[in-house]
Amino acid sequence: MRAFTVRLGITGVVCLATSVSPAGGAAPAAVKTLLEREGFGGSPLHRRFGNHLFVDTLINRSPTGLMIDSGCPITLIDRSSAKRLGLQVTETRRFVGSVTGHVERYGVSTISTLVMGNCTFQNVPVEVANEGQINLIARPHLDGLFGVHEMAKFGMIIDCARQMIYVNPKGPSASASLKLGQFLAARGFTRISMRLNSQHHLEIDAKLNSHPIRLLVDTGSGFSLISSPIAVESGASMSHQFFHRGTGIAHIGELNLGGLVLNNAEVATGNVAKFVGAGILGEEYLSWNFGIVDVGGMNLYLRTPESKTPAKKR
């Protein structure tokens, strides 16, 4: 996750036609089929050590890999990768911040073509900063983060558990989001409304032991993280065990994610930057609960592993 001053730009995308089952008016049996019928292009995601979802891409025809990061407001390219790709970088006097509060100056550039699956993005505005830490403990090498600006512009939908990302070249579609919501509701999913906060981070309402908070939805974080003071205030049981860069563990009797209740939840705790607020909902809970992030429709869908699909009426 990163905090940016969002720079808007003109981006276009072209998706090649995808063959779908000629089932006529029959109800689709999978999210993939439904979205392809609605004109979305899809690309498979991969998961690497650290619980990071990433996608194979071509940037200006060079093979690259980008982490799918709904916690990053705009697409970010690592400085070393930008140099290798021959990007022309204009330095700024503005700063980018990390979850832990580290800040650094960043540059700006434009990618002529970014190919993801059967979709080609053109003239993509990007930020350029040192993002080498994402490759310290994991392979394959990633060249940056694919952020919310493009996700929102093209109505993207991330299926965390089945590891797919879908792109709508026509942009967000209220009709497609409605059909997706109806499809998932029939299969026991809970719809959780998302919004973009003032710093362009995706955010949901939640509760820790009935204590109201807001959490950022962050597919780029391998684990959920709660601010230590917030965890203590909510009555979470704190552990002195540390497992990652000074973070500890908190046990929460009830974690309510916009109406979906998780009992006896376990999350990381630590000191976080001011822009993070109470904390982040990370990839482990998103995938464990079959998370589908509809950025175009501003909805998060979750279903616990114990949930059963409602029986069909006869």
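Can you find, within the stretch 55-74, the residue that is farthest from Gln182 (Cα to Cα) among those that are within 13 Å of the chain's Cα centre (by Cα) and modelled with pLDDT of 95 or more?
Taking the stretch 55-74 first, the residues within 13 Å of the chain's Cα centre (by Cα) are 55, 66-74.
If we keep only those that are modelled with pLDDT of 95 or more too, we end up with 55, 66-70.
Numbers: Val55: 28, Leu66: 31, Met67: 29, Ile68: 25, Asp69: 26, Ser70: 23 Å.
Taking the candidates together, the pick is Leu66.
I need the full set of residues from the stretch 127-148 which are free of Cβ contacts under 8 Å to residues at least 24 places away in the same chain and of a type in the set (A, V, I, L, M, F, W, C), in order please.
If the condition is that a residue be free of Cβ contacts under 8 Å to residues at least 24 places away in the same chain and of a type in the set (A, V, I, L, M, F, W, C), then Leu136 is the only one that fits.
Mind checking which pairs have a first residue in the stretch 36-54 that is touching a residue at least 40 places away in the same chain (Cβ under 8 Å) and a second that is among the basic types (Lys, Arg) and assigned to a strand (DSSP E or B), Cβ under 6 Å, 6 or more apart or different chains?
Pairs found: Leu53/Arg47.
Which of the residues belonging to the stretch 55-99 are surrounded by fewer than 17 Cβ atoms within 10 Å (Cβ to Cβ) and either touching a residue at least 60 places away in the same chain (Cβ under 8 Å) or of a type in the set (Asp, Glu) (or both)?
Asp56, Glu91, Arg94
Could you grab me the full set of residues in the stretch 143-155 that are in contact with a strand residue (DSSP E or B) (Cβ under 7 Å, 6 or more places away or on another chain) and buried (at least 23 other Cβ atoms within 10 Å of the Cβ)? Step through it out loud before you land on a result.
Step one: filter the stretch 143-155 for residues in contact with a strand residue (DSSP E or B) (Cβ under 7 Å, 6 or more places away or on another chain), giving 143-148, 150, 154.
Answer for the stretch 143-155, where residues must be in contact with a strand residue (DSSP E or B) (Cβ under 7 Å, 6 or more places away or on another chain) and buried (at least 23 other Cβ atoms within 10 Å of the Cβ): Asp143, Gly144, Leu145, Phe146, Gly147, Val148, Phe154.
Do you know which of the residues in the stretch 101-124 that are modelled with pLDDT under 90 and surrounded by fewer than 16 Cβ atoms within 10 Å (Cβ to Cβ) is nearest to Asp56 (Cα to Cα)?
This residue is Asn118.
The values are calculated or read from the model by the stated rules, or taken from the named source; none is laboratory data. Computed from a predicted structure; not experimentally measured. Virtual Cβ from ideal backbone geometry, glycine too; neighbours counted across all protein chains shown.
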